[in-house]
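The values are calculated or read from the model by the stated rules, or taken from the named source; none is laboratory data. Worth saying up front: this structure is predicted, and the values here are computed from it rather than measured. Neighbour counts run over all protein chains shown; Cβ positions are idealised from the backbone, glycine included.
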């Protein structure tokens, strides 16, 4: 009998290897400090392959941001669940957004400090962090305005950015300082939802 052969695991495509490697190198060395040579070495590929796939370091940064924060998967995950009610939808959104930021915290912190030096991809990076889940939240608030759950004059886009920004700042604060014993992360989240709802309630 011939021994059973286990199928060899396929290596991820070069593009994905480079994106994953770049995310690690950017988080470790910063956007400025990271070199295409270091990224290629981290991916186990040569620089020619990197430039063939992305052309420039700026385009690679955009691809890393898009991979970490964008795509239909994130938008689908943000979609409100039917029948839960506005408060439950906001709590669920806050949890998912916190999770997304915490999963990518080293990259987020690097971009906050350095993205202004990369004008070409600054807008794309900020869009990548704030926008992927934003559309579903804007739509949920728009529907809430239509049903009278919130004020008739509410601007859903402004409200969505305000709420997302509050959650974002809480995650960054917890990452930068010693965690306070006065309250838990969940207490902060619940307070954000309550204060936000009190401000927009119809």
What are the residues in segment 60-89 that are in contact with a helix residue (DSSP H, G or I) (Cβ under 9 Å, 6 or more places away or on another chain), at pLDDT 75 or above and surrounded by fewer than 16 Cβ atoms within 10 Å (Cβ to Cβ), if any?
-> 84, 87
Sort out which residues of segment 132-148 are surrounded by fewer than 18 Cβ atoms within 10 Å (Cβ to Cβ) and in a loop (DSSP other than H, G, I, E, B), and write them in order of number.
-> 147, 148
Would you mind stating whether residue 38 is under 23 Å from the mean Cα position of the chain (by Cα), in a helix (DSSP H, G or I) and not assigned by TED's automatic domain parsing to the domain that holds residue 134?
-> no
Working only within segment 149-202, note down all residues that are under 17 Å from residue 108 (Cβ atoms) and assigned to a loop (DSSP other than H, G, I, E, B).
-> 177
Looking at (1) more than 27 Å from residue 142 (Cα to Cα); (2) surrounded by fewer than 15 Cβ atoms within 10 Å (Cβ to Cβ); (3) modelled with pLDDT under 70, which is the one condition that is false for residue 103?
-> (3)
